[in-house]
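Structure, as structure tokens:
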């Protein structure tokens, strides 16, 4: 597969993944976080804000392979 095609597929997949991930993280936060303390909310948002890097990093690695 051509590297340009892989980058196109990877870019579209990244955008779709991030949209779905953000929506799921918001729904989970609305269901779990009401009534919790500020430290718990901060921990959730730090983890949710960083965990998406793992799958997107793997996708970027795939996009760069020849």
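Taken together, the values in this text are just the output of simple stated rules run on the coordinates, not laboratory data. Keep in mind it's a predicted model, so treat the numbers as computed, not measured.
With axes computed from alpha carbons, what is the tilt in degrees of helix 38-51 against the longest principal axis of the chain, rounded to the nearest 10 within 0 to 90?
So the inclination is approximately 10 degrees.
What angle do you read, to the nearest 10 degrees and between 0 and 90, between the alpha-carbon axis of helix 3-32 and the longest principal axis of the chain?
10 degrees
Using helices alone, I'd like the mean residue ellipticity at 222 nm for the chain: each DSSP H run of four-plus residues gives -39500 (n - 2.57), total over residue count, nearest 500. Working shown, then result.
Working: 3 runs with 56 residues, N = 66.
Here the helix-only value at 222 nm equals -29000 deg cm²/dmol.
Compute the acute angle (0 to 90°) between the alpha-carbon long axis of helix 53-64 and the principal axis of greatest extent of the alpha-carbon atoms of the chain; round to the nearest 10°.
The angle comes out near 10 degrees.
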